[in-house]
Every structure is written in structure tokens, then in C-alpha cells.
Amino acid sequence: MTRLLSAPWVLLGAPALRGGAPVALRDGAVALDGDTVVAVGPAAELAARFGRPQRLEAVLLPALVNAHLHLELSHLAGAVPGGAGLPAWIEEFVRARLASDPAQVAPAMVRGAAQLSEAGVAAVGDISNTLDSMEPLAAAGLAGTVFHEVFGASPDRLATARQAARARRASARPAAGLRVVESPHAVYSTDPAGLLDLLGGAPASLHLAEDPAERQFVTTGGGPFAALRARMGGPPGRPGWARSPVALVAPRLGPGWLAVHVVDLDEADLAALRACGATAVLCPRSNDQISRAAPPLTRLLAAGIPLAIGTDSLASSPSLAPLAELGALQAANPAVPAQALLPLGWNGAAVGAPRVGRLAPGTAPGLLAAPLDGLRADDPFRFLVTGEGALGRRVEWLARHRPEVHP
Ligand SMILES: [Zn+2]
């Protein structure tokens, strides 16, 4: 049976053409058969086809995508002090992880997955060292990609880590809608030859250009990441390894790869990112917490680089909510129209869930309502990114995402 819902605003989601603007229908409606979208259009037109709609005083929108988080670090919420840059944060993080209670990991992941759902998230790009996040993600109905992250600063250590990771993947229970892709952690934590090899496989995710110390490491072989790498058993860095972290890896990246953070970018880095076609995943609240730094949003937009939003883990972010993350981006970039920001939260393709983030007939991308609570929304996009609190604008599920099944 078809159910017709109408609202003052219906947002169609990610624009069909890259670079296009997302569409907002005033007095729009969505016809649903179960969770599947049957039709989207002006309320008057759809009422003529499907009968009288149920009217909601809300902004209707497709479910959201969190393209970068680490669910398995949820138990470290509030446990890692920040503000002194990434190398210092990593030291604090390692200390906090070692001191944490292993019994808290699983329940915190269940709470984290529930928080994703409460925030209107249907698909994720989750980073995991253990793959233990797959079960709570799948149980919460989340689709997307689990990036199976490996470390190893020397060839031997990386080979051992990759072997263990392969065995772990072979024994992991597959979850409908979640694919698993092996990924390196970052340039400074991976053996150089192994890094390029890892990036030569399936489209992976990489923490990239998160902190100026990364540039210092690849250009001079020194700095705080050289010290960190020595403690990880890696050989010393070499001066002149590359012009920049982006220059080092860009030839191995292409459409489908995720370059996460990209805070420290010069003009040549922007050009290299643009040329390779990788998607930049921005996590501004984490960057602020760790380094008091911010991604160069207006330069990334002007360069036409594909973008997505992520929250990073609860160890460096107040929540796993994409709308709150977009709200932070809007607050830091008030001149950027909210209409240009929302597509970052609808980039299902970035995490292997291409139907999430757009209301298209015949698909079940997940449908949300953001109640107006008596407010007028002249700009529905702006309304969505001005919700207060760690979860941002409150949303309710009207239809759930039905994940596409990955082989
Ligand atoms: Zn991360």
C-alpha cells in the first residue's frame, strides 16, 4: 500500500550531476511503499495520483552518511586531551587506549551505533583494526564500508600486520550491506613500499595531510613523526621522500579513494587531489579538538574536489552526527551557503552505498523528518545545519534504508 507524506520542504538529496546544486521542493511530498520511494514531487501533483497525504510540519530529507569514524574507539569518549597537534594527540591516545577497560569496548560500540541511528545515519565509512565494529553496525542497520586498517612502519612489521589482518577477514562474519576494504592508516605509520602497495588495491581510505608535521616528515625525514615512527620500529625517515604527503600518494589514488582530513594543503596539493579524483572527507570538529586547525573548505570547493563529511571517533569528536559536523563547518565558513554543505552529508557513493543520500524512485535510501518545532524555514538547508547540541538538528526516521547487498 502506498503511503503519501507531505511537508513544507522536501529535499531530494545529493545532486544527480556533480557540481550541481541540491533541489528543495517547497510543499513537496514523498510516496512510499514500505521503505521504498515510489515518487517524489510537488504535494498537489502527488495527491492527485495517490490521494490525500499525511502532512508533517518538518523538513523531509534523505538519510545521511558519516564517511569517517572509528566505532571501536567509542569507549575513549572524553579520554584524550587535545589542542597540541596530532603527534602529541597520538601519544595521549595510545596511553588512553592502553589504560582503558577492554570490557567497555563492546558496549560503547553498541551505544555509538545507536547514536549514528539517532543522528539519521544510514551509511558509514568506519575504520577498524579488529573488525569488531561490523556486528554492532550491522545490528543497527548501517551499511557502507569497514576499512580494515593496518599499521607497520617497517617492511617486516607491515607484512606481519597484513597477514594477521587477512586471517581476521577470513574469519569475520559477513554483514549485509557492509563491505570490507584493507587500508593503510597514514603515510607516517606505514612502510613506504607497503604504503604504495596497499593503495594499489581496492579503493581504500587514508588519513592524509592532517597536520603540518606530516609534511615536515616527508620533506625532511625529521620532526615529531620521525620520533613516533622510530618508536614503532620503523627505519629513519629520509629527506626528500616527497614534496608533500599528498604528492607522495596522489598518483596511487583515484575516484573511490578517501583522503581523510586534508587540513594542510598548498595549491599544488589541491591540484594533485583534484587531478586524481579522490574524495576528501572533512572532520572539522576533530581537527579543532586535536590541533585547533580547520580544513580549507572554500579552497576545496573552488577546486571542485569531491567532498564528504565524517566525524572521526568519539575520542576526538563530541558526537557521530553528520548534521552537527556540517553545523561546525557552516559556523566556521558563514559565507558558504548551507545548500553547498548538505551534499557532503549525502555522499553514499564515497562509502560504497551509492543509493544512500538521494530520494530516487525505486530505491530505499532512508527518509528522515527534521521537525520544524514551530520555526519557519525559509532556507531548509540552513535550518538543518543550525541545530544545537552534539547531534545537531533532531531527526526522526520515516523510512529505513534497505542496504544493497555486497558479495
Ligand atoms: Zn580517523
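The values are calculated or read from the model by the stated rules, or taken from the named source; none is laboratory data. Note that the structure is a prediction, hence the values are computed from the model and not measured. When we count neighbours, we look across all protein chains shown, and the Cβ atoms used for this are built from the backbone with ideal geometry, even at glycine.
Specify the residue that is farthest from SER133 (Cα to Cα); the eligible residues are those in the range 284-319 that are within 12 Å of the ligand (Cβ to nearest atom) and hydrophobic (A, V, I, L, M, F, W, C).
Across the range 284-319, the extreme among qualifying residues is ILE290.
Give the range 348-387 a look and list any residue that's out of contact with any helix residue (DSSP H, G or I) (no Cβ under 8 Å at 6 or more places or on another chain) and assigned to a loop (DSSP other than H, G, I, E, B), or say none.
GLY352, ALA353, LEU359, ALA360, PRO361, GLY362, THR363, ALA364, ASP373, GLY374, ARG376, ASP378
Regarding LEU64, is this residue surrounded by 15 or more Cβ atoms within 10 Å (Cβ to Cβ), closer than 30 Å to PHE225 by Cα, among the hydrophobic types (A, V, I, L, M, F, W, C) and under 20 Å from the mean Cα position of the chain (by Cα)?
Spelling it out, it is not the case that LEU64 is surrounded by 15 or more Cβ atoms within 10 Å (Cβ to Cβ), closer than 30 Å to PHE225 by Cα, among the hydrophobic types (A, V, I, L, M, F, W, C) and under 20 Å from the mean Cα position of the chain (by Cα).
Just to be sure before I move on: is ALA360 touching a residue at least 12 places away in the same chain (Cβ under 8 Å), under 14 Å from ALA14 (Cβ atoms) and surrounded by fewer than 23 Cβ atoms within 10 Å (Cβ to Cβ) in the structure I sent?
Numbers: touching a residue at least 12 places away in the same chain (Cβ under 8 Å): yes; under 14 Å from ALA14 (Cβ atoms): yes; surrounded by fewer than 23 Cβ atoms within 10 Å (Cβ to Cβ): yes.
Criteria met by ALA360.
With the condition kept exactly as written, say whether any residue in the range 263-282 is within 24 Å of ASP379 (Cα to Cα), at pLDDT 95 or above and either within 15 Å of the ligand (Cβ to nearest atom) or not hydrophobic (A, V, I, L, M, F, W, C) (or both).
yes
Which residue pairs have Cβ atoms under 7 Å apart, sit 6 or more places apart or on different chains, and have a first residue in the range 329-346 that is closer than 15 Å to LEU307 by Cα and a second that is of a type outside the set (A, V, I, L, M, F, W, C) and surrounded by fewer than 18 Cβ atoms within 10 Å (Cβ to Cβ)?
Between residues of the range 329-346 that are closer than 15 Å to LEU307 by Cα and residues that are of a type outside the set (A, V, I, L, M, F, W, C) and surrounded by fewer than 18 Cβ atoms within 10 Å (Cβ to Cβ), the close pairs are VAL336/THR298; ALA338/ASP379; ALA338/ARG382; PRO343/PRO15.
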